[in-house]
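Structure record follows, encoded as structure tokens.
The values are calculated or read from the model by the stated rules, or taken from the named source; none is laboratory data. Only a predicted model underlies this, so the values are computations on that prediction, with no experimental measurement involved. Neighbour counts are summed over all protein chains in view; Cβ atoms, including those assigned to glycine, are modelled from backbone coordinates with ideal geometry.
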Amino acid sequence: MTTHMRRYPNPLRESSHDLAWQDDALCAQVGQEIFYSDDFQDQQDAIEICRHCPVVNQCLEMSIKRPGDICNGIWAGTLPSDRIKIMRTTERRNKPLKWAIEQLAAISKQRRRV
């Protein structure tokens with residue numbers, strides 16, 4: 001019997017940039033599977049983890065600066081659909097990247113409220 005394991009992107013090991021902040025990320029301490037799951041409850045659990053993460057702002061910025069991350073996974077408590085929508089609006093309205101980060105931060109903060 002052959003077992004196929006699904007490989008999830010691991011943003012904490014893929015980049016050679018200065019990403020020391022990721023050592024403090026809560027997602028680094030739990031399984032990555034829930035951050036890339038299609039299951040609604042897994043997504044809610046991932047967002048809850050982000051809610052308590054001390055590096056959520058750095059994560060949010062990284063999620064839109066790395067093109068492959070916009071469409072995949074829960075980053076800083078935001079869904080891929082959130083990031084895609086904001087980035088399309090950013091491009092259409094010719095807004096700076098800083099504007100996109102501010103918009104996503106507002107979404108993330110709203111989701112992280114109790």
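Inspection of region 15-27 identifies at least one residue that is part of a helix (DSSP H, G or I), surrounded by 13 or more Cβ atoms within 10 Å (Cβ to Cβ) and modelled with pLDDT of 90 or more. Within region 61-84, residues that are of a type in the set (Lys, Arg) and buried (at least 23 other Cβ atoms within 10 Å of the Cβ) sit with their Cβ atoms under 7 Å from residues that are at pLDDT below 80 and outside any loop (DSSP other than H, G, I, E, B), at 6+ positions apart or across chains, in these pairs: ARG83/ILE70. Filtering region 91-100 to residues that are assigned to a helix (DSSP H, G or I) and surrounded by fewer than 19 Cβ atoms within 10 Å (Cβ to Cβ) leaves GLU91, ARG92, LEU97, LYS98, TRP99. Determine, yes or no, whether LYS109 is at pLDDT 85 or above and outside any loop (DSSP other than H, G, I, E, B). So LYS109 fails the test.
Restricting region 56-77 to residues that are touching a strand residue (DSSP E or B) at 6+ places or on another chain (Cβ under 8 Å) and of a type in the set (A, V, I, L, M), which is nearest to PHE40 (Cα to Cα)? If we take residues in region 56-77 being touching a strand residue (DSSP E or B) at 6+ places or on another chain (Cβ under 8 Å) and of a type in the set (A, V, I, L, M), then LEU60 is nearest to PHE40 (Cα to Cα).
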